[in-house]
Amino acid sequence: MAENTKYYVLKEKAVPEVLLKVIEAKRLLDSGRALSVQEATEKVDISRSSFYKYKDDIFPFHDNVKGKTITMVIQLDDEPGLLSVVLNIVAKYHANILTIHQSIPVNGIASLTLSIDILPETGDPAIMVDAIEETEGIHYVKILSRE
């Protein structure tokens with residue numbers, strides 16, 4: 001029976017420390033700052049067995065995302081120009097908006113659903129999402145899917 005794989009997007013603060021250390025060990029190996037798994041795991045203070053257990057299951061959000069579609073929902077205040085600010089952030093990171101849908105505001109708050117194509121020239125999508133989330137008038141940003 002085939003395994004049904006599910007994916008989740010988490011903020012860094014929700015990821016257990018051992019998984020963050022696996023990511024760092026992989027970075028050390030990829031950059032050449034560690035020449036072996038043993039050396040990388042010693043530098044980040046995890047066991048080799050932990051590294052091998054999780055190495056294929058954890059990766060930074062920006063890795064493997066080029067050429068992908070991200071769909072997010074954004075809750076924002078109903079203020080003139082705020083949608084334009086969000087769209088300008090997406091444009092600044094050179095991502096391509098595929099679909100956009102904004103609900104009718106209720107009690108001064110609207111929901112915006114954006115599907116964004118991440119292109120080879122797109123900047124770091126995680127930083128783009130953070131920039132949107134930090135914009136005044138934005139209540140929250142949630143990643144619904146990544147295909």
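Some notes on this structure:
- Taking label points 7 Å from Cα along the Cα-to-Cβ direction, Ser145 and Asp130 give a separation of 2.7 nm.
- 11 Å beta-carbon shell around Asp130, net charge (K/R +1, D/E -1): -3
- Residues in the chain average 65 Å² of solvent-accessible surface per residue, probe 1.4 Å, ligands and nucleic acids excluded.
- Sites Asp56 and Asn107, calculated FRET efficiency, Cβ-Cβ separation with R0 41 Å, nearest 0.05: 0.35
- Lysine pair count for the chain [Cα-Cα under 18 Å; pairs on different chains or 8 or more apart]: 19
- Shown for segment 33-112: the carbon plus sulfur share of the solvent-accessible area, taken with all protein chains present and a 1.4 angstrom probe, equals 51%.
- Here the average projected area of the convex hull drawn through the C-alpha atoms of segment 56-147 stands at 5.9 nm².
- Expected 222 nm ellipticity per residue - DSSP helices of 4 or more, -39500 (n - 2.57), all of the chain, to 500: -10000 deg cm²/dmol
The values are calculated or read from the model by the stated rules, or taken from the named source; none is laboratory data. Note that this is a predicted model, so its numbers are computed, not measured. Using ideal geometry, Cβ is built from the backbone for each residue, glycine included, and neighbour counts are taken over all protein chains shown. Heavy atoms of the whole protein, side chains included, go into the accessibility calculation; ligands, DNA and RNA do not. Shrake-Rupley method; radii C 1.70, N 1.55, O 1.52, S 1.80 Å.
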